[in-house]
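In what follows, a structure is listed as C-alpha cells, so that the remarks can point back to it.
The values are calculated or read from the model by the stated rules, or taken from the named source; none is laboratory data. Here the structure is a predicted model, which is why all the values come from computation and not from measurement. Every residue, glycine as well, gets a Cβ built from its backbone with ideal geometry; the counts of neighbours run over all protein chains shown. These accessible areas exclude ligands, DNA and RNA; they are computed on the full protein's heavy atoms, side chains included. Shrake-Rupley method; radii C 1.70, N 1.55, O 1.52, S 1.80 Å.
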Amino acid sequence: MVRKIFTLLLVVLLFSCQNNNNKMKIPQKSKIFGLATPIYLNQDKTIIHLSDFFLDVTKVDSIKVDSNLLTNLASDKKSLTIKTKNNSLPQLSCLNIWSDGFRYDILVKKTRKINYKIQFDANGKKYSKVQIAGDINGWNPKATNLTNNNDIWQTELSLNPGKYSYQIVLDGKWMLDPNNKDSVDNNQGGFNSVMKVGNFNPELCPELYTENYTDKEINIACNNKVDKFYVFWQNFKLSDRFVRNDSNTISITIPEQAENYKRSFIRVWAYNQHGASNDILIPLDNGNVISNTKELTRSDKQALVMYFLMVDRFNNGDKNNDHLLKDPDVLPKVNYFGGDIAGVLQKVKQGYFSDLGVNTIWISPIAQNPLGAYGENSDPHTKFSGYHGYWPISSSKVDYRFGTSDELKNFINIAHKDNFNVLLDYVSNHVHKNHPLYKQHPDWATSLYLPDGTKNLEKWDEYRLTTWFDTFLPTLDFSKPEVVDLMTDSAVYWIKTFDFDGFRHDATKHIPEVFWRTLTKKLKLQIPASKTIYQIGETYGNRDLIGSYVNSGELDAQFDFNVYDDAVAVFAKDDQSFVRLKNSILQSFLYYGDHNLMGYITGNQDRGRFISYASGDLLFNEDAKKAGWNRDIEVTNTVGYKKLTSLTAFIMTIPGVPVIYYGDEIGMPGANDPDNRRMMRFDNLKPEEAKVKEITTKLIHLRRNNLSLIYGDTKILKTSDKTFVYSRTYFNKIAVIVFNKDNIEKNISFNIPEQFENTNLKSNFNSDFSLEKNKINIKLQANSFEVLTN
C-alpha cells in the first residue's frame, strides 16, 4: 500500500514538473511599459534613465551587468551609469534589473564607434580657422574645430563605421575637400565630400531568419557562425530551459504565460566576432504565432500605414466656417482654402481612406492660429496666413476655421469605428507671440538675441535648442520645469479629451529630451494601458541625433529623412546608383533596428514634390520655393509617374511605417512650400494619375495583407547601379521586391533564400518571370518594379 501511494505521488510530481516546465517566474503586471528598447553603449560612459523603463524606480532592488562593465546607481535610482572596463566586452550582453523581487532583462549593445583622425593638408596656404561640417556633427562647423600642426589641420572624433558627407570650412567659407576626390550629390544642385570611416562587413555577421513553428515551439536558423544567441519574451530573457541550441539553429519554447497576453513578442539577437546580427521580431496572439494579417489590429504598430493630410488643403466639408483673410498683402496661395474637419470626416464616410488601404490618418495642427497675417516673402511680395496650423495662439482650442470640438470628437469616434487611428500634429517648440503663455510669461521663451547682438533666427544646428523660427514665433525655454510641465499637460489634454491615438511631433530636435521624457511618462501614467499611443518625431540631422530621441522613455520613432534623401536621389536621378540606397537602408537598420517603427515618406509639406523632381519639371539645383511662385509646375514627362510608383513600392516593402503625403497617391505635382500644399483633387484625374492611384492602392493592400512585409526579415539579394532586389521573409511566407531604374527593359537574374526553393510565387504587377529551384529570372520594363509573393 505504501509503495502504491509513493508511486502515485511520484507520477503526480513528475506531471507537475512537466506542466510547469514552460512557465516563467514573472509578475502578474510588468513594471516595464511596452517592450524595452536595447541600450546602445557609448565608448566611455553611458547614462541610462531607469525611468525610461520603470514608472516607479523606487521599486528597483538590484542590478547586474556583464563582468566587463562597471555600474553606479544614483541614490534616487532615476539613473544608472555604466562604464566599460576593458575591450573584452562581447558585442551583446544583458542588463538585469530586479524590481519588486522580479527580474527584468534589457539587451545591451556594445558601441560600434571608433576613434577616427580627421586631417586636412593646407598645402602651404594659410588659414586662421579650419572647421568641418557634415553628417558627423549636424552640419555645425562650430562643433568641430581642427588644430594646426605644421600646416596639417587635424582632430579626432568618435564615429561609427560608415560613410559621412561633409564639407571643409576654411575661414568661414564652405567647400569640397580639395584633398578628397570622393563626393556625393547633395540633392540641391551641388556635391559633398565623403569620408569613409573604418571597416564593417555585415555579410560576416550572423544572419537570422524565421524557419518554422508549431503551437508551442519556434525555430530560428542562422547563416554564419554564432557565438551566442539572446532570446527574449517580452522583457524577460529566456533561459536554456526555453532555448535549445543546435549549431546555428535554435528552438524556442513559447512560455505558457504568453497565453494570457493578447499581444506579446519573441525577440532574438545573436553575435559573433564580426558584430551583431539582425534582430527577429515574432508577434504572438494569446501565445500563438500570428499566421494571418486578420489577427492584427490598428494597435499593432508594425502594421501601421499612414496618410498625412493638411486639413485646410484636403477637403471643404462645411463652407459655413470658411474665413479667408481679407488682406491684400496675402496672396491666394498662402490664404485659407476652406478645408476642415468636416471635409476629412466626409472622406472617411465615403470610404476614400479604406479604399486606399491606409489605417492611420495624421492630420496637420488644428489648434487656434492667429487671425491676421504674419511673415513676409519678397518675390513675389506676400504675407502669410496660419492655414497650416503651426503658429498656435492656443494650445487647447480647436481653430474655428477647421471646426468645433464636438466635430473633432465625432470625427475621431467615427474613424475609430472604421478601424482608423488618428494622429495629431502637435507643436510644442514654439508659440505665436499672441499666445497667452508668451504674453503673460515672456521670460518663458528663449532670447531672440545672441550675446553678440545678432538675432538667433533659423540657426537650426548651431543653436538648435534656442533658435527662433521667425520673429513672431518665440521658442519656448524648456530649461524651465514649469514650461515643460505646462506644454506636456497640453499634449496629454488632446489625447484625453479627443481620444487621439498619438502624435507627430513638430521640430523634435529643437526641444530637449527632458520634455519628451516627461510627456511620455505622463502618457504612460494617465492614458489606459489598453490604448496604444504612437509618437513620431521630425528631426533633420544625422542618425545619431535622430536616434537619440527614439527609445522606451521618449518616442516610438522619427522620420528617416536620411533614407528619404537617398531614395529621392536614386529613384529620381538616372546617374545615382542603387548601391547608395542599399548602404543607406543598412545603416538605418544598424541605428534603429531591423523591425523599427521609423517613418518612411513619399514626401511632406517641407519638400518639393518627388514627382516634379522625377519628371524634370523641378530642378535639384534651383530654389524650389521660388520656382513654385514663378511658374506653373506640372508633369510634362510621364516617366515621373513611373518613378513615383517605384518610390512608393520601396517605402511599402521595407521595415518601418510607410507614410503617404496627400496627393502623392495620384502624382500631384508641386514645387516647395506653398506649392506642395495645393488643394487635394479627387475627381477628373488624368489617366496617368488614375494609374498611379491604382498602383498605390495595390501596394498598400499588399503591405497590409502580407505578414512578410510587416514582420518579415530583410535580405538584400542583388544590387547594381540600375537594379535592386531584396526579400522579406516570415517563416514560410516570402515577398521578393525587384527594381529596374534603367531607361530600357532588363532581364534580371538572382537567387532567393534556399528554404524557398520551388515555392509557388506569383507576380502582382504582371511581370514575366521564371523560378527554377531557387533562381529567379524576371523581365522588368524600364523604370518599373515587381513584388513577387507566395
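In table form, for the structure just shown:
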item: Expected-Rg normalisation [2.2 N^0.38 Å, Cα atoms] applied to the stretch 720-770; result: 1.21
item: Alpha-carbon spread of the stretch 18-67, three principal axes, descending order, Å; result: 46, 26, 20
item: 3J(HN,Hα) from dihedral phi, the stretch 453-464, Karplus parametrisation 6.51/-1.76/1.60, rounded to Hz, x for glycine, proline; result: x, 7, 7, 8, 10, 6, 8, 4, 9, 5, 10, 5
item: Shape category assigned to the stretch 326-376 from the gyration tensor of Cα positions, a/c cut at 1.5; result: prolate
item: Positive-end extreme of charge dipole, the stretch 285-348 - chosen from Leu309, Ile341, Ile290 (charges on Cβ); result: Ile290
item: Student exercise, the stretch 108-259 dipole from Lys, Arg, Asp, Glu Cβ charges, in Debye to nearest 20; result: 740 debye
item: Cα-only Debye scattering, the stretch 695-790: base-10 log of I(q)/I(0) at q = 0.11, 0.12, 0.18 Å⁻¹; result: -0.28, -0.34, -0.79
item: Rotationally averaged projected area of the stretch 527-573 (alpha carbon convex hull; nm²); result: 4.3 nm²
item: Rg/Rg_globular for the stretch 244-311, with Rg_globular taken as 2.2 N^0.38 Å and Rg from C-alpha atoms; result: 1.48
item: Residues whose placed amide H lies under 5 Å from that of Thr382, excluding near-sequence neighbours; result: Asn377
item: Positive-end extreme of charge dipole, the stretch 45-164 - chosen from Val130, Leu70, Cys94 (charges on Cβ); result: Val130
item: Stretch in the chain that is longest and holds no chymotrypsin sites (Phe, Trp or Tyr not before Pro) that DSSP places in a loop and that have at most 13 other beta carbons within 10 Å; result: 1-399
item: Charge-dipole axis of the stretch 680-767 as Lys and Arg at +1 and Asp and Glu at -1 on Cβ define it, positive-most pick from Asn740, Tyr730, Leu717; result: Tyr730
item: Cα-centred dipole magnitude for the chain, charges only on beta-carbon of K, R (+1) and D, E (-1), debye, nearest 20; result: 1880 debye
item: Orientation-averaged projected area, Cα convex hull of the stretch 644-715 (nm²); result: 5.5 nm²
item: Rg/Rg_ref, the stretch 614-653, where Rg_ref = 2.2 N^0.38 Å and atoms are Cα; result: 1.36
item: Separation of alpha-carbon centers, the stretch 409-425 and the stretch 495-509, rounded to whole Å; result: 13 Å
item: Scattering curve values for the chain, log₁₀ I(q)/I(0), Debye with Cα scatterers, q = 0.08 Å⁻¹; result: -0.72
item: Computed [θ] at 222 nm, helices only, for the chain once each DSSP H run of length n ≥ 4 contributes -39500 (n - 2.57); result: -6500 deg cm²/dmol
item: Kirkwood Rh in Å, taken over all unlike Cα pairs in the stretch 309-434; result: 15.2 Å
item: For the stretch 403-536: relative contact order, % (alpha-carbon pairs under 8 angstrom, 6 or more apart); result: 29 percent
item: Mean shadow area of the stretch 414-558, taken as a quarter of the surface of its Cα convex hull (nm²); result: 9.6 nm²
item: Per-bin percent of Cα-Cα distances, the stretch 79-119 [5 Å]; result: 5, 15, 22, 20, 14, 11, 6, 3, 2, 1, 0
item: Eligible aspartates and glutamates near Lys25 by straight Cα distance, threshold 16 Å, same-chain separation 8 or greater; result: Asp100, Asp105, Asp240, Glu256, Glu259
item: For the stretch 311-318, 3J(HN,Hα) per residue [Karplus equation, 6.51 cos²θ - 1.76 cosθ + 1.60, θ = phi - 60°, Hz, x = Gly/Pro]; result: 3, 5, 10, 9, 7, 8, x, 8
item: Full-stretch length increase - Lys531, Ser447 - with 0.36 nm per residue and alpha-carbon distance subtracted; result: 26.3 nm
item: Net +/- balance of residues flanking Arg267 in space, Cβ distance below 12 Å, scoring K and R +1, D and E -1; result: -2
item: Test item: Cα-centred dipole of the stretch 324-416, Lys/Arg +1 and Asp/Glu -1 on Cβ, debye; result: 200 debye
item: Candidate aspartates and glutamates - alpha carbon under 16 Å from Lys319, same-chain residues fewer than 8 apart omitted; result: Asp340, Asp399, Glu407
item: q = 0.09, 0.18 Å⁻¹: log10 I(q)/I(0) that the Debye formula gives for the stretch 215-340, counting C-alpha atoms only; result: -0.49, -1.00
item: Accessible-area composition of the chain, carbon plus sulfur, in percent [1.4 Å probe]; result: 47 percent
item: Separation of alpha-carbon centers, the stretch 57-123 and the stretch 594-620, rounded to whole Å; result: 38 Å
item: Efficiency of FRET from Cβ geometry, Ser479 and Asn292, R₀ 51 Å, rounded to 0.05; result: 0.55
item: Taking the chain and dividing mean pair separation by its residue count, relative contact order in percent (alpha carbons under 8 Å, at least six apart); result: 9 percent
item: Pairwise centroid distance, computed over Cα atoms, of the stretch 658-721 with the stretch 315-388, Å; result: 22 Å
item: For the stretch 138-155, 3J(HN,Hα) per residue [Karplus equation, 6.51 cos²θ - 1.76 cosθ + 1.60, θ = phi - 60°, Hz, x = Gly/Pro]; result: x, 6, 10, x, 5, 7, 9, 9, 8, 9, 7, 10, 6, 6, 9, 8, 8, 7
item: Residues of the chain: accessible area per residue with a 1.4 Å probe, Å²; result: 42 Å²
item: For the stretch 527-605, convex hull of alpha carbons as volume per residue, Å³; result: 109 Å³
item: Lysines with Cα under 19 Å of Lys718, excluding same-chain neighbours fewer than 8 positions away; result: Lys582, Lys741, Lys746, Lys773, Lys775, Lys779
